[in-house]
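Only one structure is covered here, and it is reproduced in the block below.
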Amino acid sequence: MDTCVTQVILKVASRCNLSCSYCYVYHKADSTWKQQPALMSDQIFAVTIERVRQHCLFSRQRSVFIAFHGGEPCLIGARKFDAWCSEARQTLSNTAVSFAIQTNGTLIDWEWIRVFSEASRERGNQHGRTARS
Ligand code: SF4
């Protein structure tokens, strides 16, 4: 049995800054999102990433893909996103980890662009290190 879990979707925000009329989350019968915390806490993030680390160890997989999802994941703020990606890279230091964010794009500002740009540079450096090793 293949035990690899190569993609992890983190619902880091249960709210959205928009209210699209067709949205299946906020305009259908299931309104349980109202009872959920608006944003994932640092503690839950840390525990989740540790669980991912344990699974990667168990399954002996060398890589994992983590997607930030919501609601609108940009509600956590660019600094938190940056800090959480760094924390995940550190915790998953024996695993090649890549990140994505599924966003409606309306909250992307220069701070987010700076964070994405630095993350992209760091990823390039990682590839460079891999290529040399
Ligand atoms: S942007 Fe997405 S999550 Fe937000 S209200 Fe629209 S469809 Fe729903």
Cβ-Cβ under 9 Å, sequence separation 6+ or interchain: first residue in the range 9-24 and over 18 Å from LEU107 (Cα atoms), partner part of a loop (DSSP other than H, G, I, E, B) and more than 7 Å from the ligand (Cβ to nearest atom). Which pairs? ILE9/GLN102; LEU10/MET40; SER21/HIS27; TYR24/ASP30
If you go through the range 15-30, how many residues are more than 10 Å from the ligand (Cβ to nearest atom) and of a type outside the set (D, E, K, R)? 1
Residues in the range 84-91: is at least one of a type outside the set (D, E, K, R) and within 28 Å of SER19 (Cα to Cα)? yes
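Does GLU72 qualify as being modelled with pLDDT of 95 or more, within 16 Å of the ligand (Cβ to nearest atom) and at negative phi?
The answer is yes for GLU72.
Give ALA67, ALA100, ALA96, ALA83 a once-over and let me know the one that is over 12 Å from the mean Cα position of the chain (by Cα) and among the small types (Gly, Ala, Ser).
Answer to the selection: ALA96.
The values are calculated or read from the model by the stated rules, or taken from the named source; none is laboratory data. Not measured: the values here are computed from a predicted model. FYI the Cβ positions are ideal-geometry reconstructions off the backbone, even for glycines, and counts take in every protein chain you see.
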